[in-house]
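A short write-up of the structure that comes next.
None of the figures in this text is laboratory data; all of them are computed from the coordinates on show. Given the structure is predicted, the values throughout are model-derived calculations rather than measurements. Because the Cβ atoms are built from the backbone with ideal geometry, glycine has one as well, and the counts that use them run over all protein chains shown.
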Amino acid sequence: MSKVQFIPKGAPLYAGSQIMTDSTKGTKDSLFTRLSLYRGIYSRVARQLGIDPSYVSRVARGERRSGKVETALLKEMKKIEKAAG
């Protein structure tokens with residue numbers, strides 16, 4: 001089992017090759033907020049179309065093709081982006 005390492009407040013956080021500090025915290029927070037808006041998108045699209053969420057997920061990953069699912073996903077994504085501003 002690995003140990004949990006706590007990062008002191010104000011210490012730089014590493015995200016890929018970018019260092020995030022308090023000055024970039026607003027950007028990081030807005031990205032997390034935007035990501036949280038996408039939570040449940042597969043379920044919402046599946047409910048709209050009356051299909052299983054796992055099928056929506058497979059279409060989104062490119063494992064399956066469905067014009068109806070792709071269109072519904074794009075529509076839902078546009079609504080999310082509009083709400084995010």
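Just a few scattered comments:
- In region 37-78, GluC sites (Glu not before Pro) in a DSSP loop with at most 14 other beta-carbon atoms within 10 Å: GLU63
- Estimated at 0.36 nm per residue, the fully extended path between LEU31 and ALA60 surpasses their Cα-Cα distance by 8.4 nm.
- Rounded to whole numbers, the Karplus 3J(HN,Hα) couplings from phi for region 37-53 are 5, 7, 4, x, 4, 5, 5, 4, 5, 4, 4, 4, 9, x, 10, 7, x Hz, using 6.51 cos²θ - 1.76 cosθ + 1.60 with θ = phi - 60°, and x at Gly and Pro.
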